[in-house]
There are 2 protein chains.
Amino acid sequence: MSQPPSYARLEQRFARIANLDNALGILQWDQDTMMPEGAASARSDSLAMLKVMRHELLIDPALADLLPAAEQEVAADAWRAANVREMHRQYVHATAVPADLVEAVSKAVSESEMAWRKARRDDDFAALLPYLGEVLRLQRAVGEAKAAALGTSTYDALLDSYEPDGRSARIDVVFADLAEFLPSFTAAVLEAQAHRPAVLPLAGPFAPEAQRALGVKMMKALGFDFERGRLDVSLHPFCGGSDDDVRITTRYDEADFARSLMGVLHETGHALYEQGRPAAWKKQPVGQSRGMALHESQSLLIEMQACRSPQFITYAAPLMREAFGGTGPAWDAENLARLYKRVQRSLIRVDADEVTYPAHVILRYRLERAMIDGDLLLSDLPGAFRDGMKQLIGIEPPTDALGCMQDIHWPAGLWGYFPTYTLGAMTAAQLFDTAKQQLPDLLEQIAVGNFAPLVGWLRTNVHGKGSLLSTDDLLLEVTGKPLDAEVFKRHLRGRYLDGV
Amino acid sequence: MSQPPSYARLEQRFARIANLDNALGILQWDQDTMMPEGAASARSDSLAMLKVMRHELLIDPALADLLPAAEQEVAADAWRAANVREMHRQYVHATAVPADLVEAVSKAVSESEMAWRKARRDDDFAALLPYLGEVLRLQRAVGEAKAAALGTSTYDALLDSYEPDGRSARIDVVFADLAEFLPSFTAAVLEAQAHRPAVLPLAGPFAPEAQRALGVKMMKALGFDFERGRLDVSLHPFCGGSDDDVRITTRYDEADFARSLMGVLHETGHALYEQGRPAAWKKQPVGQSRGMALHESQSLLIEMQACRSPQFITYAAPLMREAFGGTGPAWDAENLARLYKRVQRSLIRVDADEVTYPAHVILRYRLERAMIDGDLLLSDLPGAFRDGMKQLIGIEPPTDALGCMQDIHWPAGLWGYFPTYTLGAMTAAQLFDTAKQQLPDLLEQIAVGNFAPLVGWLRTNVHGKGSLLSTDDLLLEVTGKPLDAEVFKRHLRGRYLDGV
């Protein structure tokens, strides 16, 4: 079948955008891994210009006619129709916000990030307040502009940038379920943990070369394709690059290999998703990964569901001992398993364990929504954050630096992003649960280092779907039900209350 | 003084082009150093698109009015006037060639490079002939189109792309001088060399880490700024990146550190030029390096003039011994000096020494000019190449693979590039000669590893000038005379006939 004319023109344009994204992905990776410090200003100019070029390709008025025409042309073809739907989403997001607002956001975010670094260091929320207030004001304006175009609430319009079709009405339901469950469950886990043997520490130092070699070995076992990606070092780990060039990073701590290794496995989960996207649609919107919740579900499915399972520890323990010359009871699978599922009430989200992490996220979600909706004044944030920590996690931050100023998201203008972390964790549990039902020897295969069944299942059911379905529809199709907190709770109970 | 309006608009446009060049430079570096193989196709798409965007910024019809208006506005300001002159040069080069010819060249070159790889492997010039013929035909068409716009001959129009204002009439004079000198001089050098002690080989292996550490130490001594650049590994060494992010590469041979080290010093010469460009004009055409001849002069001034001098060996010999644990007479400065100035008649240009290299270049220059002018048929190239080798170097290539097919330049469409190598070598000799006169203790400082006087002199007299002056005018201003083969010949006589 020959290409319908309007649709073909759109495909061509979005392929150009994908080529730009590919360039941007590598330049950003380079900035965080390779670039010498003195190049920061020139790089920032180059990135800003390429982003403007990308934006200009998206907001071209010609798209206003091409999109509905193409929609007609390809209505009978599921992939192409979904492609036009995703093009339209990008177009709406890009055109909804006037250029001067985009510029004001960029300036306010840049100033507020700088102010945040200083205010966090000085534990001085008052110093951050005016900058963060400006960011909040502008985020609300962006949300209102997008809400008018999308027909959603202001907060949902911001959420939609990270989580397409994500709606707070549905998030509220699953988060309420979890918020009720977590405080008493955390207490029960800590009680059970207190009756188990103490975790024996692993004695380092652990040479970075040995850590890297072990990470690469496990990445290969998981199916990461080094012909289409790399592993490097950066201050903050991430999964970047794009297309056939997925670049993940980690940071090596000579005193603790365990954290870096789990970080590598986490980023490998993201990378497998990227490497498994549908090849025929790589440069089209429908071939991109679905939203941040599903992306996070892929990293957490690998890290939390697969690679903190007792079966994974069975596979990994001898490799760890071999990599670092480890001997003695600290290196036994049982001790390693206890190490990898240790739970504690802690202040910092990024250091939190699987059990307490959702509480950190639910708190932030509720607070940011209240601020966007005008139900919480920014000046009342520190107190509200402390109260929420007490209620949900059971400890109170002694400072705002360790409280509401710990994360960069709000100063950086990433309002609407936080809920995707825990939506991802729940989605991971639900997908893994279904995979175990459909592949009865899944865990046994993991115990012998065979991840092919799991990754093959993900390729078919998640990665290869690209953005064909909404996250909700995909979950319904694959697991037979919508997102259900019960599955996640069952996973937590099984791992943290039972066993050694 | 406020910015004149037309000029200001041009500055803005060329700053955007510089931002794109910066991105292209890093993406190309990444392609050659970091990129996994599977990303080749996506990368090639991204690079091609960014190049098209760059071209579109240059050929915008608005420039046809802005350029003359700006010329009027800034006539009284030397730097700005030179900036407009260079903008105009780029505009003429970009607009002279019609888009379909650009596309045809790109296609022909890509096919001819592939054919060349196979034909060289099979030593089958006949197989290359049709592809190379198409490249030649198209290069001639490009040259004719540019010649009409520039008011030059066809060959000079091609040359002008690499060497602004370069003209074959002047090259003919200096190359004729050298071509007469070289055959008998080479014979005399080989005769003198035969009466010196044989070069003792240095016994490896030389660990890449130690080679790298020594290279970095010397780069730092030379003044390479690692805050604004990097040293990495690639198959073919180059100096890439741009702006405040200069990236040089090398390749380590465990059996021979000397070649890689001299390669690093060569690329450091290029890099010092890039890092020393006038900071205020970095994103403008006048702030770019002058043509390829001057660029090559900077690499050869560092590699050949400074770093193969006996004084450099005095400084470097103990560092080499220390780096590799070298002991015995092979590691004496005298033996190392003999190693670094060994001369032989050889077939391959890129392996040639300082004495025979110019003959390889003069041969290619004469042949490519004759082919562009229609005075030599491509089918007669193999014979003409063999005859020229015999006459200028004194040996005859046994095959075309080791003869006229050894270089990628012609299949790659780089017609007009070859002469810049030897123009660079001569320019380097002339600049270094003047530097020695103006800084009487220059060589003594090099002997103790102090390169600051030399590099400071280059910063003032070459690097900091950007493209303010033509190469000819710069040479005249700095050395008091135009390019003069006599200085280069004197340098060769001094180094290869005298001494140990």
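Numbers below:
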read-out	value
Label point distance in nm, A:A75-B:A258, each placed 7 Å from Cα along Cα→Cβ	7.8
Percent RCO, i.e. relative contact order, over chain A, from Cα pairs under 8 Å lying at least 6 residues apart	20
Test item: B:50-57 mean partner chain Cβ contacts at 10 Å	2
Cα→Cβ-extended label distance, 7 Å offset, between A:D100 and B:S379, nm	7.1
Solvent-accessible area, 1.4 Å probe, carbon plus sulfur percent, for chain B	54
Cβ crowding within 10 Å averaged over residues, with A:393-403, B:54-64, B:291-301 ranked highest first	B:291-301, A:393-403, B:54-64
Sequence of A:W331, B:W281 from largest to smallest accessible area, 1.4 Å probe	B:W281, A:W331
Efficiency of FRET between B:R170 and B:A48 - r from beta-carbon atoms, R0 30 angstrom, step 0.05	0.25
Protein-only accessible surface order, largest first, of A:F206, B:F324 at 1.4 Å	B:F324, A:F206
Inter-part distance where region B:148-201 and region A:51-102 are each reduced to a Cα centre, Å	57
Mean separation of Cα contacts under 8 Å (6+ apart) over length of region A:1-96, as relative contact order %	43
Prolate/oblate/rounded call for region B:5-152, Cα gyration tensor, a/c under 1.5 rounded	oblate
FRET efficiency, A:A62 to B:A62 (Cβ-Cβ, R0 30 Å, nearest 0.05)	0.90
Förster radius 60 Å - calculated FRET efficiency between A:L200 and B:L129 (Cβ-Cβ, nearest 0.05)	0.20
Kirkwood Rh and Cα Rg combined as Rg/Rh, the protein assembly as shown	1.01
Cα centroid of region B:334-357 to Cα centroid of region A:247-292, whole Å	50
Packing-based ranking, highest mean first, of A:74-85, B:374-385 given that Cβ atoms within 10 Å are counted	A:74-85, B:374-385
Contour minus Cα-Cα distance for A:F226 and A:L402 (0.36 nm per residue)	59.5 nm
Cα gyration tensor shape of region B:455-500, rounded if a/c is under 1.5, else prolate or oblate by comparing a/b with b/c	oblate
Candidate aspartates and glutamates for bridging to A:K282, where Cα separation is under 18 Å - those fewer than 8 sequence places away on the same chain excluded	A:E11, A:D21, A:D77, A:E86, A:D225, A:E227, A:D243, A:D244, A:D245, A:E274, B:E37, B:D45
Region B:360-424 shape via C-alpha gyration tensor axes, a/c threshold 1.5	rounded
Ranked by how many other beta carbons lie within 10 Å on average, peptides B:151-163, A:216-228 from highest	B:151-163, A:216-228
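The values are calculated or read from the model by the stated rules, or taken from the named source; none is laboratory data. In this text, all values refer to a predicted model and were calculated from it rather than measured experimentally. As a convention, Cβ positions derive from the backbone with ideal geometry for all residues, glycine included, and neighbour counts pool all protein chains shown. All accessible areas refer to the heavy atoms of the entire protein, side chains included, with ligands and DNA or RNA removed. Shrake-Rupley method; radii C 1.70, N 1.55, O 1.52, S 1.80 Å.
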